[in-house]
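Notes for the one structure printed next.
The values are calculated or read from the model by the stated rules, or taken from the named source; none is laboratory data. Keep in mind that this is a model prediction, so the values were computed, not measured. Reconstructed Cβ throughout: ideal geometry from the backbone, glycine too, with neighbour counts over all protein chains shown.
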Amino acid sequence: MEALGIDIGGSGIKGAPVDLATGELLAPRCRIPTPQPAKPEPIADVVAEIAKYFSWNGSIGCGFPAIVRHGVIGSAANISKKWIGVDAEALFRQTTGCPVHVVNDADAAGIAEMTFGAGQGRNGVVLIVTIGTGLGTALFTDGYLVPNCELGHIEINGQDAETFASDAARKREALSWKKWGKRFNLYLTTLEKLFSPDLIILGGGVSKEFDAFRQYLTIQTEMTPAALLNEAGIVGAALAARAIESVDISLSRLVKGAG
Ligand code: BGC
């Protein structure tokens, strides 16, 4: 079984067909820069372009960088505010002509890591943090997802965590790995205190640089970089497309007990 996975990000929209049994990409991914401003119609056009590029007419799963409840966008930290209240699933179904399922991008990456990556077979509380333009989080307990947990926006010292600890903040302020690493450590320490996770998986582009900043992370929790790195968003979105096939599979059951 296969599905087209599409990861909608702040700078690029990436897609590839995915083998749902193995998590492997069935073709090299296609990447198109995210239209700016990132409003609904231009993004929907890019999603359709990617489907067309792969001559796709099956199920599509999309990871989206915001709160997504039943296909409807509920927040807009790094995208156009015009998205709020838009039924992204209905919009993408219209432009692609395919069945589309939309989920939060960090939830998608988390689903992929729990199924095929660093969280495979892990019970207890597992927290995935994706570090990019935003700070995305996915929280699992015994393999079940708590969707849309949005821990990138917890307030620390009166500041939205994402504004000082994301990769965008590191680039924007030209921070050294040490300076940024200490900020990120403060963020992780706060999450550790609040959730006592058994495992933290770090994903997103910057996780490739884990060796450059791991020395500044003092948390006690077991921690590992994501295994699927940049592909997690695509693979997880494709896995989420499975939820289209059966109303019996809710998003939180994709990893554990989906049958
Ligand atoms: C958004 C999240 C998203 C994360 C990563 C945050 O700003 O609020 O929904 O998962 O960025 O893209």
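What the table below lists for this structure:
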item	result
Whichever residue in the stretch 140-188 is basic (Lys, Arg) and surrounded by fewer than 16 Cβ atoms within 10 Å (Cβ to Cβ) and, among such residues, is farthest from Asn78 (Cα to Cα)	Lys178
Cross-chain or 6+ apart pairs with Cβ under 6 Å, the stretch 190-214 first and touching a residue at least 40 places away in the same chain (Cβ under 8 Å), then of a type in the set (D, E, K, R) and exposed (fewer than 15 other Cβ atoms within 10 Å of the Cβ)	Leu199/Glu222
Selection from the stretch 136-172 of residues that are among the small types (Gly, Ala, Ser) and more than 9 Å from the ligand (Cβ to nearest atom)	Gly143, Gly158, Ala161, Ala165, Ala168, Ala169
Meets criteria (part of a loop (DSSP other than H, G, I, E, B) and of a type outside the set (D, E, K, R)) for Pro28	yes
Hits in the stretch 109-135 - residues which are within 9 Å of the ligand (Cβ to nearest atom) and within 16 Å of Gly61 (Cβ to Cβ)	Ala109
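Conditions tested, residue by residue: (1) within 13 Å of the ligand (Cβ to nearest atom); (2) in contact with a His (Cβ under 9 Å, 6 or more places away or on another chain); (3) of a type outside the set (Val, Ile, Thr); (4) outside the structural domain of Ser166 (by TED's automatic domain parsing).
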| residue | (1), (2), (3), (4) |
| --- | --- |
| Ile67 | yes, no, no, yes |
| Val72 | no, no, no, yes |
| Ser75 | yes, yes, yes, yes |
| Asn78 | yes, no, yes, yes |
| Leu91 | no, no, yes, yes |
